[in-house]
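Data first, discussion second: the structure below is written as structure tokens.
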Amino acid sequence: MRNNRRWFRISLTMLVLPLIFALAGANGDGDHKETKYRWDIIKATSFTPVTVFEGGFASALANDGSRITVTGNGTFDLRESDDVTGGGTWTTYAPNGTTVTGNGTYRVQQLVRFDVAPGVQTAGLIDNIPGVKGDLTDNRAGLLFVRIAYSDGSKGVLVVSCHLNGGPDFVARPAAPASIFEGITASKGYTDYWSRVPPIVTPVPVDGNRTLFHILSQDEKKD
């Protein structure tokens with residue numbers, strides 16, 4: 001019986017310790033944990049220097065070459081999947097790229113997942129997104145999935161991905177990993193617009209297909 005009790009205590013410790021470490025690591029080694037974010041599909045009005053505002057557009061392609069183009073922004077809180085705001089407009093096009101097959105608005109319903117990625121913003125960018133610091137310290141790279149409802153009654157998932165370019169000193173200001181794309185993908189009903197349309201960078205930068213995440217608030221660590 002004594003050996004059984006000892007085995008039970010050891011087993012319980014093995015089960016509890018990972019949970020304790022996970023909870024302790026949730027806030028990292030710092031004094032806080034980032035919790036609330038804003039996402040934007042941004043508009044670039046200049047590239048010398050890069051100057052961005054809310055109100056941009058981004059597109060993605062389905063398997064047959066049909067396209068969805070969306071605008072939008074919103075907020076989400078990592079502590080509560082239903083604590084979301086935002087939405088935007090959508091337009092779908094036939095594979096010829098010009099025939100409009102539908103349009104309307106969409107509304108964000110729920111946070112599915114968000115993962116912050118390493119990397120920092122390029123120095124010198126002028127950030128005019130409302131309600132943020134504007135000094136680039138609150139910019140984040142990452143990958144967001146949210147459930148959305150379209151105005152025509154269909155539903156889907158919007159994926160927003162942000163790759164921060166870093167630099168010009170890439171030692172002091174490293175870029176996000178190359179595995180992270182810039183832009184959006186989306187599903188609408190049974191159609192998956194899985195192939196993002198990348199932003200045009202060369203030979204001349206063109207507005208479109210760019211995104212940003214900003215940290216809005218954080219939980220202070222309590223002793």
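Based on this model, can you work out whether A141 counts as part of a strand (DSSP E or B), at pLDDT 95 or above and touching a Pro at 6+ places or on another chain (Cβ under 9 Å)? Yes, satisfied. When the stretch 12-58 is filtered for residues that are modelled with pLDDT of 95 or more and of a type in the set (A, V, I, L, M), the ones remaining, listed by number, are I41, I42, A44, V50, V52, A58. For the stretch 179-187, state whether one or more residues are under 17 Å from Y106 (Cα atoms), of a type in the set (A, V, I, L, M, F, W, C) and either in a strand (DSSP E or B) or within 16 Å of the chain's Cα centre (by Cα) (or both). Scanning the stretch 179-187 turns up at least one residue that is under 17 Å from Y106 (Cα atoms), of a type in the set (A, V, I, L, M, F, W, C) and either in a strand (DSSP E or B) or within 16 Å of the chain's Cα centre (by Cα) (or both).
Note on the stretch 37-67: residues that are assigned to a loop (DSSP other than H, G, I, E, B) and either in contact with an Asp or Glu (Cβ under 9 Å, 6 or more places away or on another chain) or closer than 17 Å to L144 by Cα (or both) total 5.
Condition check: closer than 18 Å to W39 by Cα, in contact (Cβ under 8 Å) with a residue 60 or more places away in the chain and out of contact with any Pro (no Cβ under 8 Å at 6 or more places or on another chain). Does V116 satisfy that? Step through it out loud before you land on a result.
Values: closer than 18 Å to W39 by Cα: yes; in contact (Cβ under 8 Å) with a residue 60 or more places away in the chain: yes; out of contact with any Pro (no Cβ under 8 Å at 6 or more places or on another chain): yes.
Yes, satisfied.
When each of G156, G189 is tested for being of a type outside the set (A, V, I, L, M) and crowded, with 18+ Cβ neighbours inside 10 Å, the lone residue that passes is G156. Filtering the stretch 166-185 to residues that are closer than 18 Å to D115 by Cβ and surrounded by 14 or more Cβ atoms within 10 Å (Cβ to Cβ) leaves P174, A175, A176, I180, F181, E182, G183, I184, T185. Look at S161 and say whether it is part of a loop (DSSP other than H, G, I, E, B) and under 15 Å from V116 (Cα atoms). No; evaluated as a whole, the condition is false for this residue.
Give the number of residues within the stretch 197-219 that are assigned to a strand (DSSP E or B), closer than 24 Å to N63 by Cβ and in contact with a Leu (Cβ under 8 Å, 6 or more places away or on another chain).
We begin by selecting, within the stretch 197-219, every residue assigned to a strand (DSSP E or B); these are 211-219.
Then keep just the ones that are closer than 24 Å to N63 by Cβ; that gives 211.
Narrowing the set further to residues that are in contact with a Leu (Cβ under 8 Å, 6 or more places away or on another chain) leaves none.
Summing the residues that are assigned to a strand (DSSP E or B), closer than 24 Å to N63 by Cβ and in contact with a Leu (Cβ under 8 Å, 6 or more places away or on another chain) in the stretch 197-219 gives 0.
Between V146, V108, V116, the distinction of being within 18 Å of T191 (Cβ to Cβ) and assigned to a strand (DSSP E or B) belongs to V146 only.
Just give me the residues in the stretch 83-98 being of a type outside the set (A, V, I, L, M, F, W, C) and touching a strand residue (DSSP E or B) at 6+ places or on another chain (Cβ under 6 Å), in sequence order. Full working, then the answer.
Step one: of the stretch 83-98, the residues of a type outside the set (A, V, I, L, M, F, W, C) are 83, 85-89, 91-93, 95-98.
Passing the criteria: D83, T85, G86, G87, G88, T89, T91, T92, Y93.
The values are calculated or read from the model by the stated rules, or taken from the named source; none is laboratory data. Quick caveat, the model's predicted, so the values are computed rather than measured. Don't worry about glycine lacking a Cβ; one is built from the backbone with ideal geometry, like all the others, and counts go over all protein chains shown.
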